[in-house]
Amino acid sequence: MKINAPRLSDHFKQMSEIGKIGETGTCRPAHSKEEKQAFELAASWMQNAGMKTHIDNFGNLIGRLEGSKPELPVLMMGSHLDSQPYGGRFDGVAGVLCAIEAVTILTESGVKPERSIEVISFADEEGWRFKKGLFGSRGILGKLEQGELQRTDHDGITREQALIDFGCDITKFAESEYKPGSIHCFLELHIEQGPILDWSNKPIGVVFGISGPLWLTVKLKGMAGHTGSVPMHLRQDALLGAAKIIVGLNEIVTQIPGAPTVGTVATIDVFPASRNIIAEGVTFTLDLRDIDLDRRNAYEKQVRDLIATTAEKHKLTYEISEDTNSEPRYCANWIKDIIKEETITQGLDAPELMSGPFHDALALSYACDYGMIFIRCKDGISHNPLEYSSDEDLALGTEILYGTILKVLAKHQL
């Protein structure tokens, strides 16, 4: 194995100390002092690998290994170092640290690529702080939407202010955008965040596509009243309506046994949130994903119909806003074939897997070909401090990433 496994393991241990919660948890919000600390540490490793580093105006950390023909479209790799508020040590981190290690081995081996290589830790992949993810990866492609900088976190801080505090110049976004055709392809290594590899006792998976996420925010409004005096048949209970929609969502997405469709309501705000006042207002987020866009579209219609009929039945008004909407995106066959070849070289029988979670690769897929490597994670647990991938699996995945890089460089030099 060419990868320096002890060094890689040590990098994970050092990174896990930044934003640490409990014994194994992580909280590194996007555009925060914790993420800046993580960037400074990762940048030091990038520089040791021969890369020049900077933080762009979207808040992305970029390390660049200059090629002998810098005019060629760049080979880009990476993921993110921001985490969920109650996250683990490997989600996103693996894609950044394993890419840094792979480039370090390139440099130590004396490989001088014609094509420049960039490793990026993208800003706010997770999306929980401002309720919209893939910020940095969409930003470099000029795909930000109107009003994104005015989104606020739970403390009322706008993304605009958070970026300014982070040291970014929001008036110079254009300087940080990549021109069409300037990215040759994108590679992302990531923990699976699901149980298939662990259940099948396989350390590595080859991703064939990412399911399309639809994020909605639903607001229901009824009428507040005393819980002890308003008769049941006269109530306009927004929380009751929300409860029926949540249960109905589960029934909609499970109507075809075995289908990979998933639907989730994970946040809910109630007004006025007093135990003896009927809920007047409820706001909740709705997450619907599927690799089959036609099925997801059909289920979205059923969900919207459910919201409308529930609101009518309980005398509620409602609003639905769309926060994220992406179609499923499939990996490039030529990259997938190279990754598969590398797994065979390592003596592995690596299954092809769909990614239910979205990744920065989803945004990059609109600008270039992409490929992904999945690493086994224990019990499929992610977005949780119990998230775990072994040093051995991470090193093996990095070895496959390294081999993939060499073949991509060799196959597609101009």
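Please report the relative contact order for the chain, taking Cα pairs under 8 Å with a sequence separation of at least 6, and give it as a percent rounded to a whole number.
Contact order relative to length: 22 percent.
Based on Cα contacts under 8 Å between residues 6+ apart, the stretch 154-252 shows a relative contact order of 13 percent. Counted over the stretch 359-414 with a bin width of 5 Å, the fraction of Cα pairs per bin, in whole percents, is 4, 15, 17, 20, 21, 13, 7, 3, 1, 0. Sequentially through the stretch 198-205, phi angles give Karplus couplings (6.51, -1.76, 1.60; θ = phi - 60°) of 5, 4, 8, 6, 10, x, 10, x Hz, Gly and Pro residues having no value and appearing as x. If you find the alpha carbon centre of the stretch 56-81 and of the stretch 246-317, how far apart are they in angstrom? Computed from Cα coordinates, the inter-centre distance equals 40 Å.
Along the axis of the charge dipole computed for the stretch 55-164 (Cβ charges of +1 for Lys and Arg, -1 for Asp and Glu, origin at the Cα centre), the listed residues Thr107, Leu163, Gln150 are led at the positive end by Gln150. About its Cα centre, the stretch 65-155 has a charge dipole of approximately 180 debye under the convention of +1 per Lys or Arg Cβ and -1 per Asp or Glu Cβ, with nothing else charged.
Reported value for the stretch 277-412: 159 Å³ per residue, from the convex hull of its C-alpha atoms. Applying a threshold of 27 Å to the alpha-carbon distances of Lys20/Lys131; Lys52/Lys340; Lys36/Lys378; Lys244/Lys301; Lys219/Lys378; Lys131/Lys172 flags Lys52/Lys340; Lys36/Lys378; Lys219/Lys378 as lying beyond it.
Taking the C-alpha atoms only, the angle from helix 5-16 to the longest principal axis of the chain is near 30 degrees. The separation of the stretch 353-377 from the stretch 185-242, counted between C-alpha centres, amounts to 20 Å. Relative contact order, whole percent, for the stretch 62-208 stands at 30, derived from Cα pairs under 8 Å and 6 or more residues apart. Assuming charge only on the beta carbon of Lys and Arg (+1) and of Asp and Glu (-1), the dipole of the chain about its Cα centre is about 500 debye to the nearest 20.
For the stretch 120-168, which whole-number percentage of the solvent-accessible area (1.4 Å probe, protein heavy atoms only) is attributable to carbon and sulfur atoms?
Accessible surface attributable to carbon and sulfur in the stretch 120-168 totals 45 percent.
Just check the stretch 112-207 against the gyration tensor rule for me: Cα atoms, a ≥ b ≥ c as the square roots of the eigenvalues, rounded for a/c under 1.5, and otherwise prolate or oblate depending on whether a/b exceeds b/c. It is oblate, given that a/c is not under 1.5 and a/b is not larger than b/c.
Bridging of Lys336 to lysines at a Cα separation below 21 Å is possible for Lys202, Lys407, Lys411, once same-chain residues fewer than 8 apart are set aside. If you take all other residues with their beta carbon under 12 Å from the beta carbon of Arg129, and give Lys and Arg +1 and Asp and Glu -1, the sum is -3. For the pair Arg7 and His233 in one chain, pulling the backbone fully straight at 0.36 nm per residue adds 74.7 nm over the alpha carbon distance. The DSSP beta bridges internal to the chain are antiparallel in roughly 70% of cases. A simple packing score, the average count of other Cβ atoms within 10 Å per residue, orders the peptides 341-349, 253-261, 303-311 as 303-311, 341-349, 253-261, with the highest score first.
When the chain is described by a simple charge dipole with +1 on each Lys and Arg Cβ and -1 on each Asp and Glu Cβ, the residue from Met372, Ser274, Leu41 located farthest towards its positive end is Ser274. Working from the Cα coordinates of the chain, the gyration tensor eigenvalues give, after taking √(5λ), semi-axes of 40, 23, 20 Å in decreasing order. Around the Cα centre of the stretch 1-153, unit charges on the Cβ atoms of Lys, Arg, Asp and Glu (plus for the first two, minus for the last two) sum to a dipole of about 100 debye.
Accessible surface computed residue by residue for the stretch 332-414, with neighbouring protein chains in place and a 1.4 Å probe, gives 37 Å² per residue. Ordering Ser390, His359, Asn333 by the projection of their Cα atoms onto the charge dipole of the stretch 327-414, which places +1 on the Cβ of Lys and Arg and -1 on the Cβ of Asp and Glu, puts Asn333 at the extreme positive end.
Projected label points at Glu251 and Leu293, each 7 Å from Cα along the beta carbon direction, are separated by 3.0 nanometres.
Comparing Lys132, Lys336, Lys69 in a Gaussian network model of the chain, where Cα atoms under 10 Å apart are tied by springs, the biggest mean-square fluctuation is seen for Lys69. Backbone geometry of the stretch 128-134 corresponds, through the Karplus equation with coefficients 6.51, -1.76 and 1.60 at θ = phi - 60°, to 3J(HN,Hα) couplings of 7, 5, 10, 6, 7, x, 6 Hz, x marking Gly and Pro.
Here the Gaussian network model covers the chain, with springs between Cα atoms less than 10 Å apart; of Ile21, Ile400, Ile117, Ile21 fluctuates the most. Show log10 I(q)/I(0) for the stretch 170-296 at q = 0.17, 0.20, 0.22 Å⁻¹, two decimals, from a solvent-free Debye sum over equal Cα scatterers. Calculated log10 I(q)/I(0) at the listed q: -0.99, -1.13, -1.23.
With 5 Å bins beginning at zero, the pair-distance distribution over Cα atoms of the stretch 307-382 amounts to 3, 11, 17, 15, 14, 11, 7, 7, 6, 5, 3, 2, 0 %.
The values are calculated or read from the model by the stated rules, or taken from the named source; none is laboratory data. Model, not experiment: these values are computed from the prediction. Positions of Cβ are backbone-derived with ideal geometry, glycine not excepted, and every protein chain shown enters the neighbour counts. The accessibility values were calculated without ligands, DNA or RNA, using every heavy atom of the protein model including side chains. Shrake-Rupley method; radii C 1.70, N 1.55, O 1.52, S 1.80 Å.
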